[in-house]
Amino acid sequence: MTVRFGNIYTKPAKYKDDEIRVKSPSVNVPDAVVVAVALNGQQFTKDKTLRFKDNENTFYFYDNPIIYDFSPEKGMSNGGTMVKIRGRGFLPKKYENGTFVHSPVYVRMLEAGSRKPLG
């Protein structure tokens, strides 16, 4: 079995009759790609439309957000501190067909002295 993300081929980590688990490959340029499956590694499922990628079988690669700085650098342990994060790549990217890709933003808090992740 082979899974294709656009023109990149990969093997699933696990699969059964009604589910496939596969890690997305890395790409150099973020874009929307059609995901297809081939049981024999050669004949892939087809995209359902002719002009645009179907939402049902389209995977969206997005840029990693970049953080320049944030403030304040400290806050109360019971939470509630408003933190301002400056950077780029936080807003969704708009494609030519008018659809948006919403990029999730994750924050990892680090311990002040050791810079080890908290929690």
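The values are calculated or read from the model by the stated rules, or taken from the named source; none is laboratory data. Worth saying up front: this structure is predicted, and the values here are computed from it rather than measured. Cβ coordinates were reconstructed from backbone atoms using ideal geometry, including for glycine residues, and neighbour counts include every protein chain displayed.
For this structure, a couple of remarks:
- Any hit, the range 69-87, residues being modelled with pLDDT under 80 and surrounded by fewer than 11 Cβ atoms within 10 Å (Cβ to Cβ): no
- All positions within the range 2-35 that are within 19 Å of residue 64 (Cα to Cα) and either without any contact (Cβ under 8 Å) to a residue 12 or more places away in the chain or in a loop (DSSP other than H, G, I, E, B) (or both): 23, 24, 25, 26, 27, 28, 29, 30, 31
- Annotation note: Cβ proximity below 7 Å between a residue of the range 70-83 that is part of a loop (DSSP other than H, G, I, E, B) and a residue that is of a type in the set (Phe, Trp, Tyr) (sequence gap 6+ or interchain) occurs for 83/70.
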